[in-house]
Amino acid sequence: MTRRFRLAGKGDEMFWLEGDEFRHLTTVLRLGPGARIVGFDEERAYLGIITNLKDGRAWCRIESALPETGEPAARVFLVMGLTKGDKIEWVIQKGTELGMAGFVPLAAERSVARPDGRRQAAGDERRRKIAAAAVKQCGRVRQPEIFPLSGWDALPALLPPDTACFLAWEEEKERSFRAALAGVDWRRPLAVLIGPEGGFTRAEAGRAAAELGAAPVSLGTRVLRAETAALAALTLALAASGDLG
C-alpha cells in the first residue's frame, strides 16, 4: 500500500512535506529517497517519489496526478449535542469516512459533559487530528471542517449561508427524514441536528426552527443512541444525494 500524506506545498514538478507529516515519514515509517508516496491537498492527490530529505522537509518529484477521489458533491454537516465519553470522536472518524463536510459539537440543554476552557481546547484539537487521520485512511483529500464547541447563539453563523437544516427529533411522528430528503436541492448545503443523550428539549426544537429554519424529522420508530442517529442521518442524506449506495 502506498502511504498517503497531506502535502505542505506543491510546484509544477515537486511537492513537499513538513511538520508532523515529515516526522511520520522519517521517524515512524522510516521512508527515504526512492520511496513512492501519495501526497494530497484539498483538491487532488499526486503520486510522487522521494528525492531528498533536508532541514525538516521531504522533497518529492511528481510522477502523476491521481484520478479524482470522489469527494461528495453534496455538502452535509452534522451538528451533534455534546455527549459523554468519546462518542463524538467516533462519529467524527466514521463521518469523515462516509463523506461529511463538517461537524459542530453543540452544548445542548441536556448535554451532561461540560468541559472547562483548557479541556475544551484540547478536545477541539484532538477532534481535528482524528478527522485528519480519517481523511488519510479513507482516501479523501478534503478534510471536514471540525468546529469548536458551540452554543445555540453562535450556531447560525457557523453553518454556510442558505443551509437546509433538519432536526432529528423523537417527538416528530409524521415526517420522516427520508421523505424530507426527496425535496432537497442538493446545490445547497444541508445540516442535520442530532441531540445528546436524552435528545433535544421542546424549547430547543422551537429555537432551531425559528433561528435555523430547521424542520423536525423522524429517523424511525426505534430509539437510537446519539452516535447511531448521527451516522444514520448522514448515511441517509448522502445516499439520497446519489453519493452512497
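We did not get these values from a lab; they are worked out from the coordinates using the rules stated. Everything numeric here is computed off the predicted structure, so don't read it as measured data. Cβ: placed from backbone, ideal geometry, glycine included. Neighbour counts: every protein chain shown.
The table below lists the values:
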{"item": "On Cα atoms only, tilt of 117-138 relative to the major axis of the chain in degrees", "result": "60 degrees"}
{"item": "Amide N proximity, region 14-42 versus THR51 label position 7 Å along Cα-to-Cβ, cut-off under 14 Å", "result": "14-17, 33-35"}
{"item": "Value of relative contact order over the chain, rounded to a whole percent, pairs C-alpha under 8 Å and six or more apart", "result": "19 percent"}
{"item": "Bridge type composition, the chain - antiparallel percent by DSSP, nearest 5", "result": "45 percent"}
{"item": "On Cα atoms only, tilt of 87-98 relative to the major axis of the chain in degrees", "result": "60 degrees"}
{"item": "Nearest-ten-degree value, helix 226-241 long axis tilted from longest Cα axis of the chain", "result": "80 degrees"}
{"item": "Net charge of Cβ neighbours under 15 Å - reference ILE50; Lys, Arg +1; Asp, Glu -1", "result": "+4"}
{"item": "Order by protection proxy (mean Cβ within 10 Å, highest first), peptides 226-235, 50-59", "result": "226-235, 50-59"}
{"item": "Placed amide H near LEU66: partners under 5 Å, 5+ positions off or other chain", "result": "ALA45, TYR46, LEU47"}
{"item": "Förster radius 25 Å - calculated FRET efficiency between GLU211 and LYS84, Cβ distance, rounded to 0.05", "result": "0.40"}
{"item": "Mean separation of Cα contacts under 8 Å, 6 or more apart, over the residue count of region 1-53: relative contact order %", "result": "35 percent"}
{"item": "Dimensionless Rg ratio for the chain, taking C-alpha atoms and the 2.2 N^0.38 Å reference", "result": "1.13"}
{"item": "ALA8-ARG178 pseudo-label distance in nm [points 7 Å out on the Cα-to-Cβ vector]", "result": "5.0 nm"}
{"item": "Relative contact order for region 105-206, counting Cα pairs under 8 Å that sit 6 or more residues apart, in percent", "result": "38 percent"}
{"item": "Inter-part distance where region 91-153 and region 23-37 are each reduced to a Cα centre, Å", "result": "29 Å"}
{"item": "Residue-by-residue Karplus 3J(HN,Hα) for region 189-194, coefficients 6.51, -1.76, 1.60, Hz, glycine and proline x", "result": "x, 10, 10, 10, 9, 10"}
{"item": "Under 15 Å, Cβ to Cβ, from GLY123 - net charge with Lys/Arg +1 and Asp/Glu -1", "result": "+4"}
{"item": "Other-chain or far-sequence residues with amide H under 5 Å of MET80's (modelled H)", "result": "VAL104, LEU106, ILE194"}
{"item": "Computed [θ] at 222 nm, helices only, for the chain once each DSSP H run of length n ≥ 4 contributes -39500 (n - 2.57)", "result": "-9000 deg cm²/dmol"}
